[in-house]
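Read-outs throughout are calculated quantities, based only on the coordinates presented, and are distinct from any laboratory measurement. Bear in mind the structure is a predicted one, so any value in this text is a computation, not a measurement. Here the Cβ positions follow ideal geometry from the backbone for every residue, glycine too, while neighbour counts run over all protein chains shown.
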Amino acid sequence: MLDWAGGVTGEHYAAQGNILVGGETVEAMARTYEETNGDLAERLLSALEAGQAAGGDSRGKQSAALLVVRESGGYGGDNDRVVDLRVDDHPDPIRELIRIRGLHTLYFGETRPEDVVAVDGDVRGQVVEPLRRSGYVQEQEIEDYALFDALSAYIRTENFEERGYLDRAVLEYMKGQS
């Protein structure tokens, strides 16, 4: 029996492959793409995961890649690559691609206005403690200007400057650091 090759199309997408287990692979990809909410990268990753779960490549798993372009959408607006990630020679490449896309989103994702966090009240303590643990703050009591300087240094050092502000994603990252 020959390996399956073919594809399906829908509004604004095509799902296709060769050397696949069967047509259910591209059908699952198409269905999942249509049913998934989120940005293009999230929808594509969900479709890849569904295609794998439906049988995938008849040779097994080895690599996966994700490329999303938008004019001036890349780092600093200097190129068109919003997301350009690949995983080569991995036992679970789609899961690994999803993991590194999460990191990519953390470092390069855009901060929505509703996700900006004011550094006051309980949040102030949630910021000071990780800054203290990582050596950005030494003194027990810290003035606002010194906290701002320490947080700014942390954001630059950890490569969060593309986000522009302290937001929920960066705060969660900070709280999760040991």
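Pairs of Cα atoms nearer than 8 Å and 6+ residues apart set the relative contact order; for the chain it is 14 percent.
FRET efficiency for the R133 to E35 pair, using the beta carbon distance and R₀ = 41 Å, is estimated at 0.45.
Across segment 1-60 the C-alpha pair distances fall into 5 Å bins from zero in the proportions 4, 23, 31, 23, 12, 5, 1, 0 percent.
Taking the Cα centre of the chain as reference, the dipole from Cβ charges on Lys and Arg (+1) and Asp and Glu (-1) amounts to some 480 debye. Placing a label point 7 Å from the Cα of D144 along the Cα-to-Cβ direction, the residues of segment 107-128 whose backbone N falls under 19 Å from that point are 116-128.
Starting with the fewest neighbours, write out R168, R163 ranked by other beta-carbon atoms found within 10 Å of each beta-carbon. Intermediate values should be presented prior to the final figure.
On the way: R168 13, R163 19.
Ranking R168, R163 by Cβ neighbours within 10 Å, fewest first, gives R168, R163.
This ranking places E34, E24 by how few other beta-carbon atoms lie within 10 Å of each, fewest first, which gives E34, E24. Annotation: for a label point projected 7 angstrom from Cα along Cα→Cβ of L106, residues of segment 142-174 with backbone N closer than 19 Å are 151-174. Computing FRET efficiency as 1/(1 + (r/R0)^6) for T157 and D122, where r is the C-beta to C-beta distance and R0 is 30 Å, gives about 0.80.
A viscosity of 1.306 mPa s and a temperature of 10 °C, combined with the Kirkwood radius over C-alpha pairs in the Stokes-Einstein formula, give the chain a diffusion coefficient of 84 µm²/s.
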